[in-house]
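Take a look at the structure below.
The values are calculated or read from the model by the stated rules, or taken from the named source; none is laboratory data. Just so it is clear, the structure is predicted and the values come from calculations on it, not from any experiment. Using ideal geometry, Cβ is built from the backbone for each residue, glycine included, and neighbour counts are taken over all protein chains shown. Just so you know, the surface numbers come from the protein's heavy atoms only, side chains and all, with ligands and any DNA or RNA stripped out. Shrake-Rupley method; radii C 1.70, N 1.55, O 1.52, S 1.80 Å.
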Amino acid sequence: MEPTPLANASRAAARPGRRCMAGPRWRSAVAVLLLAATVFGGSAQRAASQTNPVEVREIDGYIEIDNGLVKARFTPSPEGVDQAFFAAQAGQWVLVAEAFRPPNPRPHTTTALYLDRSNEQGRALRIAEEYRVIVPEVLRTVHVSQKTPEEVQVVLTGETPMVRVEQTVSLQRGRNIIHVDVQGVLRGDPPQLEYLFSPFSFAEAGSPDFSHAPAYKRSPGDVIGDRAFFAPAAIVQTGSVFAALVPDLDQINEHIVYGQHARPQKHPWIFGVPIDSSRISMPAVLDLELASGMTNHPLLAYGVMDAITEQHVYWRHENAGGTLVRTLSDNEVRYGMDLILDAEASPYRGYQGAATYLWDRYGRHYFQRPRPQAMPFAEYASIAYPASLAYKGFTVEYEDGKPVMVHRDPEGPDAWNSWQQWEMEGQPVGALRLTAPQWFHLTYNTAWWNNVADATGFYYWGERLGDPSLIDKARRMVNLALMAPQHEGLFPSLYDLNEKHWIGSLWRFPTEGYDPDETRTYWNWEEGDYQTASASVTAGYLMEVYRLYQKDPRILDYVQRYGDFLIARMQPEGSVPAWFTEHLEPRPSMRWNADGGAHAWVLSELYRATGEDKFLQAAKRAAQFLIDDVMPQQRWVDFEALYSCAVKAETFFDPRTGQPPRNAMSMSWALQGFVSLYEATGESRYLEAAEAVADYASFLQTVWAPHYIITAYPFGGFSSQIGDAEWLDQRDHRFAGILVRLGLLTGRQDLVERGVAAARSSLALITLPQHVENGIYNAPTFPLGLGPENIDHEGFPQTPLRSGPSWAEVGGLAAAADVLRQLGGLYVNVERDMVVGVDGIAAQSYSLDGRTLRVNVEKLLTALPVPYDEPYEVLLKVEGLPDDGSYTLVLGNEAPLERSAAELARYPLEIRP
């Protein structure tokens, strides 16, 4: 691609560095938009470009607009209006994307989504082409509709016998983002549509170096349904040239059109939530297609289109015979999108700018609003812990051929209780059991559910609530973990409460005849193999207990033996096989894996505790493997990506979106590993790697509240992986504390806010009257104080079951504990220019004028539709003050208080309604 000269801007060739978030003290709507542009860089010359006005040129039959960062050119032609989009690179314009018009006639290789009747295949399928509107094919005219130094808008129009289309392209000062709005006015009565769709081609031909989409595709008709729109973006990058298409999420909620029979599914309506069939919205869809059969350039597209939900989980647009032509509730269909363009992106890392933009544009707005928290965190603990400990599980029975959850009798025997305690080898031990029927006999210290992770919450809340029974239970959990027999340091992850013996894991793999191309789950919770991810997660949390709560030398001895095992079994490139037999022979499955963050976490913490260099060197090897082999393509291949409900072959790769397996669990372990290694060494490369992982994981965190997610209020929650459809999954609690920790180390307020949002959302699915009254959880199916592990798992409104307390309320309370321990209930850091409300509070701004610290807060619990009307206490933590003297604290409209810096570091506040 030949660059063209850059007009009206001076640019440096060097890649600008990333900048940290500033606190909301200075934010305004304009500032947030400027910040979204600057996440791509901060060089002096790029900063100068951000001050350039938006320029318009109408010459030689075309219109051109630019702001020194990006440029759009519109050229009328006999075929329509050509639209080309550029980004600046070292003083030159580089083409990044173009609006895509399919060739006419369509090649015989054309993927089904783009077929019309111009070729034999489309005619054979009886394509209903009059109801299929590809916007760039329709547009014929272009003119400038608004022109100021701050913003320019260009309007393109066109029509067919069925629809009139208007597209508005907007460019603002200081942003490397081009906004596109599309309006289609249908002429039919009643109005009918199969799709209204806007594709763009990426300028760099061939397979990109990196690509991302919110879901996989398995057939030519597949698209990416809006039920995977947690933080949606379609992304491609080759070299330094980067493009992201981000749907306008506000427009999805503001311009709702209902479609008759929309959102069909093949899967039975199991554990479904009742819906009003007359109010099912026409879905938005995103698409990334690397094998379109029309061009060798990647296609990114967005629009309105129905699709069939298939398991587990795909969205298929049936193209034949107008099958998915829908009758709509309104003649007007609207959608919008942002095109984020960069020609100076760091290799493989352009996505970081898109991730931070999604939080700035949407997430921060929702973060400052009421919901999903309905009461102080301490009150959640007071309700949920007793309920969870006493819960006796459920069975699944069948009524009229459909499964129904039946809770066991709460008056049943204590042997059914979730909490079990006893003595083992003279030691008091205890654990939470799994409550799913198939695993009811098991207690757990796995890479998923983990009693030692749960114990961190028990320690904190036992101290906070003055409840010694919780602290006793935490110690019993740790004692049981230390009882797991070690085989050269490696240990099992499950204990059978009935048979009184240990089990390696939930899976067992063949050594002979293993086929990496075969799609199987390999479940076996009777004779499961050793799993190193489970052992490392348990050891990591044991070291967290050791660091924060219980300096027990047994913990260090136990984990050191396991650390020696990791060193001995680490492969030359820095990975550790995922599975070992009872004879410590590595299984062939997942010899290559992305579990290394968990191993680096354990080894780094061992180095910090012992000072032994062997642990540090092994941690660095594990971390470098992630940096070199996993992170460039985001190959987050762990056990859940392959062997859980979204089962895949080990060799899985989606050629249509260019994505390997990408699962959140191994991302969370990488965060723990990189942050711990940075704290052990002070080497910035590990902190930068942690940021990159956090930014990629953020595409799985919900940054908004879609109108079509009716089961619960989803903001802040995580999904499990690319290719799944659950919302508010309980891995929220595995991200909450580590995102806060990383945000504090880097000074990135967005990461701190994300961690707080994850902690709040991890409690959203608890059955409480306050949750129902406030629209936080609309379809509870568990007793008071309990909840499921996610919602809408199979791509429709649904309240699924639960595996156990760790993947429900107990895990959520551990997350809240971790966040509160780091931030208190209200956090101010003057040196970092950061203010964050945590426990039912939104911190709008702060200022330090002389020796007066003013903090402007909103009481979110009071602002709920059904408010929380009791006073409660939060801990104010103020850090980074200029000196240790006395300050005047003014909190909102409260009376001023004189306090020293030492007092303000941990100052209890009463929040009154």
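Does Tyr522 fit the bill of being under 25 Å from Trp416 (Cβ atoms), touching a residue at least 60 places away in the same chain (Cβ under 8 Å) and open to solvent by less than 20 Å² (accessible area, probe 1.4 Å)?
Criteria not met by Tyr522.
For segment 628-647, enumerate the residues that are in contact (Cβ under 8 Å) with a residue 60 or more places away in the chain, in a helix (DSSP H, G or I) and under 20 Å from the mean Cα position of the chain (by Cα).
Phe639, Glu640, Ala641
Out of (1) in contact (Cβ under 8 Å) with a residue 24 or more places away in the chain; (2) over 30 Å from Tyr713 (Cβ atoms); (3) among the acidic types (Asp, Glu); (4) open to solvent by 10 Å² or more (accessible area, probe 1.4 Å), what's the single condition that is false for Asp181?
Exception for Asp181: condition (2).
So, Ala124, is that one modelled with pLDDT of 95 or more and surrounded by 23 or more Cβ atoms within 10 Å (Cβ to Cβ) or not?
No.
Yes or no: segment 697-705 includes at least one residue that is open to solvent by 10 Å² or more (accessible area, probe 1.4 Å), assigned to a loop (DSSP other than H, G, I, E, B) and among the hydrophobic types (A, V, I, L, M, F, W, C).
yes
Assuming Ala14 fulfils every condition listed in (1) open to solvent by 50 Å² or more (accessible area, probe 1.4 Å); (2) modelled with pLDDT of 50 or more; (3) farther than 30 Å from Asn829 by Cβ apart from one, which condition is it?
(2)
Quick one: in segment 78-89, which of the residues that are modelled with pLDDT of 95 or more and either out of contact with any strand residue (DSSP E or B) (no Cβ under 6 Å at 6 or more places or on another chain) or farther than 30 Å from Glu58 by Cβ (or both) is most open to solvent (accessible area, probe 1.4 Å)?
Gln89
On the given criteria, is Gln844 open to solvent by 60 Å² or more (accessible area, probe 1.4 Å) and not in a loop (DSSP other than H, G, I, E, B)?
In short, yes.
Does segment 104-161 hold any residues that are acidic (Asp, Glu) and over 30 Å from Arg175 (Cα atoms), and which are they?
Asp116, Glu120, Glu129, Glu130, Glu159
Going through segment 533-562 one residue at a time, which ones are open to solvent by 10 Å² or more (accessible area, probe 1.4 Å), farther than 24 Å from Met667 by Cβ and in contact (Cβ under 8 Å) with a residue 24 or more places away in the chain?
Of everything in segment 533-562, those that are open to solvent by 10 Å² or more (accessible area, probe 1.4 Å), farther than 24 Å from Met667 by Cβ and in contact (Cβ under 8 Å) with a residue 24 or more places away in the chain turn out to be Tyr546, Tyr549, Gln550, Asp552, Arg554, Leu556, Gln560, Arg561.
Give me a count of the residues in segment 770-779 that are open to solvent by 50 Å² or more (accessible area, probe 1.4 Å) and more than 16 Å from Phe377 (Cα to Cα).
Of the residues in segment 770-779, 3 are open to solvent by 50 Å² or more (accessible area, probe 1.4 Å) and more than 16 Å from Phe377 (Cα to Cα).
I need the full set of residues from segment 268-290 which are open to solvent by 50 Å² or more (accessible area, probe 1.4 Å) and either under 28 Å from Ala345 (Cα atoms) or not β-branched (Val, Ile, Thr) (or both), in order please.
Across segment 268-290, the qualifying residues are Pro268, Trp269, Phe271, Pro274, Asp276, Ser277, Ser278, Arg279.
Can you give me the number of residues within segment 563-620 that are out of contact with any strand residue (DSSP E or B) (no Cβ under 8 Å at 6 or more places or on another chain) and open to solvent by 70 Å² or more (accessible area, probe 1.4 Å)?
Residues flagged as out of contact with any strand residue (DSSP E or B) (no Cβ under 8 Å at 6 or more places or on another chain) and open to solvent by 70 Å² or more (accessible area, probe 1.4 Å) within segment 563-620 amount to 10.
Exactly one condition in (1) over 30 Å from Leu442 (Cα atoms); (2) touching a residue at least 40 places away in the same chain (Cβ under 8 Å); (3) among the polar types (S, T, N, Q) is not met by Asn856; state its number.
(2)
Here's a check for you: in segment 127-150, which residue that is touching a Leu at 6+ places or on another chain (Cβ under 7 Å) and in a strand (DSSP E or B) is surrounded by the fewest Cβ atoms within 10 Å (Cβ to Cβ)?
Thr141
For Pro136, work out the one condition from (1) at pLDDT 95 or above; (2) farther than 17 Å from Ser292 by Cα it doesn't fulfil.
That leaves (2) as the condition not met.
In segment 187-245, which residue that is among the acidic types (Asp, Glu) and surrounded by fewer than 22 Cβ atoms within 10 Å (Cβ to Cβ) is modelled with the lowest pLDDT?
Out of the qualifying residues, it is Asp189.
For the condition free of Cβ contacts under 8 Å to residues at least 60 places away in the same chain and touching a helix residue (DSSP H, G or I) at 6+ places or on another chain (Cβ under 7 Å), what is the one hit in Ala692, Ala697?
Residue meeting the stated conditions: Ala697.
I need the full set of residues from segment 872-911 which are open to solvent by 70 Å² or more (accessible area, probe 1.4 Å), within 20 Å of Leu823 (Cα to Cα) and part of a loop (DSSP other than H, G, I, E, B), in order please.
Pro882, Asp884, Arg906
Scan segment 247-265 and tell me whether some residue there is within 18 Å of the chain's Cα centre (by Cα), part of a loop (DSSP other than H, G, I, E, B) and crowded, with 24+ Cβ neighbours inside 10 Å.
No - not one qualifying residue is present in segment 247-265.
Pick from segment 368-394 the residues that are among the hydrophobic types (A, V, I, L, M, F, W, C) and open to solvent by 10 Å² or more (accessible area, probe 1.4 Å): which of them is farthest from the chain's Cα centre (by Cα)?
That would be Ala390.
May I ask you to list the residues in segment 92-111 that are open to solvent by less than 20 Å² (accessible area, probe 1.4 Å) and out of contact with any strand residue (DSSP E or B) (no Cβ under 7 Å at 6 or more places or on another chain)?
Selection gives Arg106, Thr110.
Can you say whether Ala594 is touching a residue at least 24 places away in the same chain (Cβ under 8 Å), in a helix (DSSP H, G or I) and of a type in the set (A, V, I, L, M), as far as the supplied structure shows?
no
Taking the stated definitions as given, is Gly489 open to solvent by 10 Å² or more (accessible area, probe 1.4 Å), more than 30 Å from the chain's Cα centre (by Cα) and under 30 Å from Trp592 (Cβ atoms)?
It is false that Gly489 is open to solvent by 10 Å² or more (accessible area, probe 1.4 Å), more than 30 Å from the chain's Cα centre (by Cα) and under 30 Å from Trp592 (Cβ atoms).
Mind checking which pairs have a first residue in segment 417-441 that is in the same structural domain as Gly804 (by the TED database) and within 17 Å of Arg802 (Cβ to Cβ) and a second that is part of a strand (DSSP E or B) and among the aliphatic types (A, V, I, L, M), Cβ under 8 Å, 6 or more apart or different chains?
Within 8 Å, the pairs are Ser418/Leu432; Trp419/Ala431; Trp419/Leu432; Arg433/Leu442; Leu434/Leu442; Pro437/Val396.
Residue-by-condition table, conditions (1) open to solvent by 80 Å² or more (accessible area, probe 1.4 Å); (2) part of a loop (DSSP other than H, G, I, E, B); (3) under 22 Å from Thr456 (Cβ atoms):
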{"position": "Val396", "(1), (2), (3)": "no, no, no"}
{"position": "Glu411", "(1), (2), (3)": "yes, yes, no"}
{"position": "Gln421", "(1), (2), (3)": "yes, no, yes"}
{"position": "Ala431", "(1), (2), (3)": "no, no, yes"}
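Out of all the residues in segment 856-871, which are of a type outside the set (Ser, Thr, Tyr), surrounded by 12 or more Cβ atoms within 10 Å (Cβ to Cβ) and out of contact with any Ser or Thr (no Cβ under 7 Å at 6 or more places or on another chain)?
Result: Val857, Glu858, Lys859, Leu860, Leu861, Ala863, Leu864, Val866, Pro867, Glu870.
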